[in-house]
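Here's the structure, in structure tokens; my notes come after.
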Amino acid sequence: MSSQVAVASLGGTITMTGAGAVSPTLGAKDLVQGLEVGEIATLATIPGASLTFTTLLEAFDWADKQISQGAAGVVIIQGTDTLEETAYFFDCLWPHEEPVVVTGAMRHPGLPGPDGPANLAAAVAVAAAPNSRGRGALLVINDEIHAARWVRKGHSSLPSAFESFPGPLGLVVEGAPQYFHPAHQLPALPRPLDAPTVPLIEATLDDDGAILDWLNVKGAVVAATGVGHVSQGMAEAISRAQFPVVVATRTGAGSTFRNTYGFVGSESDLIKRGAVMAGWLCPRKARVLLRLALGSMAPIEDVFAARGGVF
């Protein structure tokens, strides 16, 4: 039994070395040198863009086991390209009071001023802190603590790439987390038996919606314009779809609406056609949630109603 923080690595920029173009090579033991941690594991050594739900479920099972064995919290290291999606994946499934914290790096170890060591140290401090309990999954980077629900990667390369609307949940100050809001955690979804493929389609100008007709899937997410609007062609394709369609906004901030507009392709029209509105969830988070809901046979409308609002 250990009351320390368990740390696992999946790869990413923080693990990358090489002469010239870099690739993932370092393991978890290489990264945690100098930090007081408990169990250490290298679960994968791949870039964030190549992570799969299967890998993430294996990481979830490992993290769940560490908590059951007495760990104070868990840190998962990975590439930042998909870090916001992984954070939300864990947030949807995490059943424990103890936190699971995801982190990574924007600058690899061969660059001047690599941010990986500082990000990892901050993540371990957050995972170990009593005031981090009951907050679900957290993303820690650049001394900011982000709620998995709100965080997004807003820049391709800056160390300050990650941002949340309306702001970070807290900050790491003098090596300890300070939070601006009380703890809040939704009940966990059942662990999925599988994670069926769910495509993410962006609605665009002069969109005929034909891509929906071509799909043979169990569900799809449409990143709609504005507050959840699509073209007439896309609206008609949503009516024809033989699978659940979730509609999110592609704007980057704000919620989908439900009953303000009434034209063909508006949010109220799409609801009548059977679409499920994602609310405040961005398209990428909506895709994660839909895959988990489909994989666990959870009622999709109920799941999005519970997790798509402000809380």
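The values are calculated or read from the model by the stated rules, or taken from the named source; none is laboratory data. Keep in mind that what you see is a predicted model, and the values were worked out from it rather than measured. No Cβ is skipped: glycine too gets one built from the backbone with ideal geometry, and neighbour counts run over all protein chains shown. Side chains included, ligands, DNA and RNA excluded: accessible areas come from the protein's heavy atoms. Shrake-Rupley method; radii C 1.70, N 1.55, O 1.52, S 1.80 Å.
Rounded to the nearest Hz, the phi-derived 3J(HN,Hα) couplings of the stretch 229-245 under the Karplus curve 6.51 cos²θ - 1.76 cosθ + 1.60 (θ = phi - 60°) are 10, 9, 5, 4, x, 5, 4, 5, 5, 4, 4, 7, 4, 9, 8, x, 10, where x marks glycine and proline. For Thr17, nonlocal amide neighbours, meaning residues 5 or more places apart or on other chains whose placed amide H falls under 5 Å from its own, are Ser23, Thr25, Leu26. Seen from Ser160, the other residues with C-beta closer than 12 Å to its C-beta sum to a net charge of -2, counting Lys and Arg as +1 and Asp and Glu as -1. If both residues of a DSSP beta bridge must be in the stretch 188-311, then about 10% of such bridges are antiparallel. Let me make sure I get this right: for the stretch 130-180, a, b and c are the square roots of the gyration tensor eigenvalues over alpha carbons, sorted descending. Under 1.5 in a/c it's rounded, otherwise prolate if a/b > b/c, else oblate. Which is it? Oblate is the answer for the stretch 130-180, as a/c is 1.5 or above yet b/c matches or exceeds a/b. Residues whose amide H falls under 5 Å from that of Glu144, counting only those 5 or more places apart or on a different chain, are Val172, with hydrogens built in the peptide plane.
Would you mind classifying the stretch 206-311 by shape? Square roots of the alpha carbon gyration tensor eigenvalues, ordered a ≥ b ≥ c; an a/c under 1.5 is rounded, otherwise it is prolate if a/b is larger than b/c and oblate if not. Oblate, since a/c reaches 1.5 and b/c is not below a/b.
Each listed q (0.09, 0.15 Å⁻¹) maps to a log10 I(q)/I(0) for the chain from the Debye sum over equal C-alpha point scatterers, namely -0.45, -1.13. For the chain, the number of Lys pairs with C-alpha atoms closer than 30 Å, counting only pairs eight or more positions apart or on separate chains, is 9. Would you kindly give the portion of the calculated P(r) for the stretch 136-257 that falls above 27 Å, as a percent of all Cα pairs? Looking at the stretch 136-257, the distances longer than 27 Å represent 38 percent of pairs. Modelled spin labels at Val173 and Gln232, positioned 7 Å past Cα toward Cβ, are 5.7 nm from each other.
Per-residue ellipticity at 222 nm computed for the chain from its helices equals -8000 deg cm²/dmol, with DSSP H segments shorter than 4 residues left out and the rest contributing -39,500 (n - 2.57). What's the angle, to the nearest 10 degrees (0 to 90), between helix 83-93's Cα axis and the longest principal axis of the chain? Long axis of 83-93 versus the principal axis of the chain: about 80 degrees. Annotation for Ser23 and Asp194: the two label points, set 7 Å from Cα along the Cα-Cβ direction, are 3.1 nm apart. Calculated accessible area for the chain comes out at 43 Å² per residue, all protein chains present (probe 1.4 Å; ligands, DNA, RNA ignored). One chain, two ends: Arg133 and Ser50. Fully extended at 0.36 nm per residue, the span grows by 26.9 nm beyond their Cα-Cα distance.
Peptides 57-69, 198-210 ranked from most to least packed by the mean count of surrounding Cβ atoms within 10 Å: 57-69, 198-210.
Annotation for Asn259 and Ser3: the two label points, set 7 Å from Cα along the Cα-Cβ direction, are 5.3 nm apart. Its alpha carbons give the stretch 104-199 an Rg and a Dmax of 14.9, 44 Å.
Hull volume per residue, based on the alpha-carbon atoms of the stretch 14-131 and their convex hull, is 101 Å³.
The calculated FRET efficiency for Trp214 paired with Asp61, based on their beta-carbon distance and R0 = 41 Å, is about 0.75.
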